[in-house]
Amino acid sequence: MGIAALLASLLLPGCTTLPSPEQRSQHADALARAAGLAREQVRTDSFVLTSFARITRQDLPLTVYIEGDGLAFRTRSQPSDDPTPVNPQGLALAAADPSANVLYLARPCQFARRADNPHCTVAYWTGKRFAEEVVQAMDQAVQHYARQLPKQPLHLVGYSGGGAIAALLAARRTDVASLRTVAGNLDVGEFNRLHRTTPMPASLNPIDSAARLHGLPQVHYFGTEDDVVPGVIALRFTQAVAGDCAQVRAVPGMRHGDDWGRRWPGLLAEPALCRAGP
């Protein structure tokens, strides 16, 4: 069992009827449309990924939002048939961002037509959700949009498991100007140890790449009431990054599945900067 199993148990207590994947997709469309984000499909080597984008200025950076694990598990032990999120927090963050250039990327197999995604097996929203081929696909999708804004830097933002993907992408790209995570699962091994959940040997662990982010401005937000991804995860990651560029911010009263989109404009206004030395 992983993070999404815990989320299922926390967000859907006693729930027997869930919105269908089509209803979840319609909900995402409405949220995106209200923010001027248009749905697109991006073909990568392994998956066709769903995106929502608003690109209006060629002379400004691109902020990329990466979704969490979604509805990976129906119960604490039963994987779902479709990982499309019921409450797409990553999309809510993107919708709350007034920047000129905003991109939201769903994770593999979320909002996906099975006919377009023959590789979408349950492994890719359970034990392989941070696998190398997943990170490569997300990187290819980011590159698809980066080419539309030549020479412009990227700002990466990831929610929950999307924080893991964002950190892994930041460690392998050279055009990333900042990294932010919200309730990010930045140490998959420690998360599994804390919750006594199944190890994920087929997935990458962001903390193993932390040293590569030593000079990258970054802020990692956690909710003080979050017992899914507690603050110790962000603290361990920033300690592994070391230096003056990685910061942790506690957000009082917030739980893992609370309305982070409502808080996001204020949090986003805080700059991600490397602290000046003594």
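Only the coordinates and a few stated rules stand behind these numbers; no lab work does. In this text the structure is predicted, and so the values were computed from the model without any measurement. Cβ placement follows ideal geometry from the backbone for every residue including glycine, while neighbour counts extend to all protein chains displayed.
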Between D259 and R114, what is the label-point separation in nm under the 7 Å Cα-to-beta-carbon projection? 3.6 nm
In deg cm²/dmol, rounded to 500, what helix-only [θ] at 222 nm does the chain give when every DSSP H run of at least 4 residues adds -39500 (n - 2.57) and the total is split over its residues? -9000 deg cm²/dmol
Which ³J(HN,Hα) values, rounded to whole Hz and listed in residue order, are derived for the range 119-132 from phi using the Karplus coefficients 6.51, -1.76 and 1.60 in 6.51 cos²θ - 1.76 cosθ + 1.60 with θ = phi - 60°, glycine and proline given as x? 7, 6, 9, 4, 4, 7, 10, 10, x, 10, 6, 10, 5, 4
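For every other residue with a beta carbon closer than 13 angstrom to the beta carbon of A234, add +1 if it is Lys or Arg and -1 if Asp or Glu, then tell me the sum.
0
Would you mind calculating the gained length between Q152 and Q136 on full extension (0.36 nm times residue separation, minus the Cα-Cα distance), in nm to one decimal? Could you put the intermediate results ahead of the total?
Working: separation 16, 0.36 × 16 = 5.76 nm, distance 2.08 nm.
Using 0.36 nm per residue and subtracting the Cα-Cα distance, I get 3.7 nm.
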Cut-off 10 angstrom, C-alpha nodes, Gaussian network model of the chain. Which of E22, E190, E133 fluctuates the most? E22
Candidates (1) 46, 17, 17; (2) 33, 24, 17; (3) 25, 23, 18; which is the computed semi-axes √(5λ) of the Cα gyration tensor in Å? (3)
Once phi is turned into ³J(HN,Hα) by the Karplus curve 6.51 cos²θ - 1.76 cosθ + 1.60 with θ = phi - 60°, what whole-Hz value does each residue of the range 203-209 show in order, with x for glycine and proline? 10, 7, 10, x, 5, 5, 9
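Pull out the extension gain between D227 and D45, defined as 0.36 nm times the separation in residues minus the alpha carbon to alpha carbon distance; nm, one decimal. Mind dumping the intermediate values first?
Working: separation 182, 0.36 × 182 = 65.52 nm, distance 3.60 nm.
Stretched fully, the D227-D45 segment lengthens by 61.9 nm.
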Taking 7 Å along the Cα-to-C-beta vector as the label spot, tell me the Q143-C274 distance in nanometres, rounded to one decimal. 2.6 nm
With R₀ set to 35 angstrom, the calculated FRET efficiency between the beta-carbons of D59 and R193, to the nearest 0.05, is 0.15
Could you check which residue among L37, L60, L105 shows the biggest mean-square fluctuation in a GNM of the chain with a 10 Å Cα cutoff? L60
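For a quick check of your reading of the filter: which trypsin sites (Lys or Arg not before Pro) in the range 170-264 sit in a DSSP loop and have no more than 11 other Cβ atoms within 10 Å?
Details: sites: R172, R173, R180, R193, R196, R212, R236, R249, R255, R262, R263; in loops: R173, R196, R255.
Hits after loop and neighbour filter: R196.
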Label-zone membership for the range 184-211, site T121, 7 angstrom Cα→C-beta point, backbone N under 19 Å: 199-204
